[in-house]
Amino acid sequence: MSYIKVEAIQRKLRQVAKSGKVLYISGSVGMGKTAAVEYYFRRKSCRMLSGMKGYFEEMPDYKDIEENAIFFDDISEITDIDSENYVREILDDNTDKMIVLAGRGQVPEWLTPYAIQMNFEFADNSDLQFTKENLKELFIGVDSSILEDDGDFLLRLGMACSQNTLMYVLIERYMENGEPYTDQVRILAEKNIF
């Protein structure tokens, strides 16, 4: 399955690219932060660095980064002081690169002074949520009578999934294999995420 374009977050990324500001994307697990940024940069040069392990495995000098953008993923997982300092140095040295940071919560305390001083732009779960049109695109392989006959299906599904993008995808996969949507399908999807 390919990425389903969520216009709100793509618009925010385009705005930040034009303004030169730093973008901080906060979102719950499975909301599509990384997928949205990867989609945006699919035809652009971007250095992607992951903090999932609590530190950055790769910390190239700013002057050695040839890409036009830097994406710090899982920034809220960083616990290593060298990695924290690395991000600070990049922010201090940056003159021409688009910088995007993504994490599962608010801006980490160690990064807050930069967020204030540099006037970060912010995106959150509301910018990452699927629209009704996105859901119809996702559920294209599912028996269309479910979507057409029951006008409340997508609304009920959204409430049951807490608007979590990954849960939608997992539920769609169960339903595409012929299973009807039930609480059991939702519970299976939740277990696969959490």
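The values are calculated or read from the model by the stated rules, or taken from the named source; none is laboratory data. In this text, all values refer to a predicted model and were calculated from it rather than measured experimentally. With ideal geometry, Cβ positions are generated from the backbone for all residues, glycine too; neighbour counts draw on all protein chains shown.
Tell me whether the range 2-12 contains one or more residues that are in contact (Cβ under 8 Å) with a residue 40 or more places away in the chain and among the hydroxyl-bearing types (Ser, Thr, Tyr). No, because not a single residue in the range 2-12 is in contact (Cβ under 8 Å) with a residue 40 or more places away in the chain and among the hydroxyl-bearing types (Ser, Thr, Tyr).
For beta carbons closer than 7 Å, sequence separation of 6+ or different chains, a first residue in the range 55-77 that is in the same structural domain as residue 36 (by TED's automatic domain parsing) and a second that is β-branched (Val, Ile, Thr) and not in a strand (DSSP E or B), the qualifying pairs are 55/78; 62/90; 70/90; 71/37; 72/87; 73/34. Only a single item in (1) assigned to a helix (DSSP H, G or I); (2) within 19 Å of residue 127 (Cα to Cα); (3) among the small types (Gly, Ala, Ser) is not met by residue 83, and it is number (2). Of all the residues in the range 151-194, those that are in contact with a Cys (Cβ under 8 Å, 6 or more places away or on another chain) and in contact (Cβ under 8 Å) with a residue 40 or more places away in the chain number 1. Here is a check on your reading of the model: is residue 100 in the same structural domain as residue 63 (by TED's automatic domain parsing), in contact with a strand residue (DSSP E or B) (Cβ under 7 Å, 6 or more places away or on another chain) and either at pLDDT below 95 or in a strand (DSSP E or B) (or both)? When the stated conditions are applied, residue 100 passes them. Of the residues making up the range 158-194, those that are basic (Lys, Arg) and either exposed (fewer than 13 other Cβ atoms within 10 Å of the Cβ) or under 16 Å from residue 140 (Cα atoms) (or both) are 173, 191.
Answer with yes or no whether residue 145 is at pLDDT 90 or above, of a type outside the set (Phe, Trp, Tyr) and either out of contact with any Phe, Trp or Tyr (no Cβ under 7 Å at 6 or more places or on another chain) or in the same structural domain as residue 16 (by TED's automatic domain parsing) (or both).
So residue 145 fails the test.
Screening 29, 107 for residues that are hydrophobic (A, V, I, L, M, F, W, C), exposed (fewer than 13 other Cβ atoms within 10 Å of the Cβ), in a loop (DSSP other than H, G, I, E, B) and touching a Phe, Trp or Tyr at 6+ places or on another chain (Cβ under 9 Å) leaves exactly one candidate, 29. The set of residues in the range 35-56 that are under 12 Å from the mean Cα position of the chain (by Cα) and either surrounded by 17 or more Cβ atoms within 10 Å (Cβ to Cβ) or at pLDDT below 95 (or both) comprises 35, 36, 37, 39, 40.
The condition of being in contact with a strand residue (DSSP E or B) (Cβ under 7 Å, 6 or more places away or on another chain) and assigned to a helix (DSSP H, G or I) does not hold for residue 189.
Residue-wise test of (1) under 12 Å from residue 101 (Cα atoms); (2) part of a loop (DSSP other than H, G, I, E, B).
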residue	(1), (2)
3	no, yes
10	no, no
18	no, no
21	yes, yes
37	yes, no
43	no, yes
48	yes, no
